[in-house]
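Have a look at the structure below, then the notes.
The values are calculated or read from the model by the stated rules, or taken from the named source; none is laboratory data. These numbers come from a predicted model, not from an experiment. Virtual Cβ from ideal backbone geometry, glycine too; neighbours counted across all protein chains shown. Each accessible area value is taken on the protein alone, full model and side chains, heavy atoms only, with ligands, DNA and RNA left out. Shrake-Rupley method; radii C 1.70, N 1.55, O 1.52, S 1.80 Å.
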Amino acid sequence: MALDDTSAALGGPVPISAAADRVGTTPRMLRYREGLGLLPRTQEQPTGRGHRHRRFTEEDLRTIATGLELERDFDIPPAALAFARRVRAGIGVLGGVRTRGGWLGWLAPPPPRALDFEKQKAMRLLGRRP
């Protein structure tokens, strides 16, 4: 039994080929998703001559499976999921998407807030334009 088979049998980290088989994709697609930032960062130290061989834990496999489910359920490619993740994580990206989406008419303007109404009312009473 090879070292990889032993670690998989004991529930330890598995190599990329075994991980791909377990989640129903290919090693190439896992590498692509890793390049997009959709896979958790590896915590392993380099092995051998400085080469890092990616190994996947059970938690990694659950994360990958969840991403694949999202792609399948919403019929989106991995790149769209990666962009959505960037939008969700970065305030600047989210603001840019909202601004451009508003310009293009893709997004409805946000509903007015009660404080905005009160501010406008106070400005009118003072004779100023809001």
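One table, with the values for the structure above:
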{"item": "Cβ pairs under 7 Å, 6+ apart, first in segment 56-83 and under 12 Å from Arg33 (Cα atoms), second of a type in the set (Phe, Trp, Tyr) and open to solvent by 70 Å² or more (accessible area, probe 1.4 Å)", "result": "Pro78/Tyr32"}
{"item": "Flag if Arg85 is at pLDDT 70 or above, of a type in the set (Lys, Arg) and either exposed (fewer than 12 other Cβ atoms within 10 Å of the Cβ) or outside any loop (DSSP other than H, G, I, E, B) (or both)", "result": "yes"}
{"item": "Qualifying residues in segment 89-122 (those that are surrounded by fewer than 10 Cβ atoms within 10 Å (Cβ to Cβ) and within 23 Å of the chain's Cα centre (by Cα)) - the one modelled with the highest pLDDT", "result": "Gly92"}
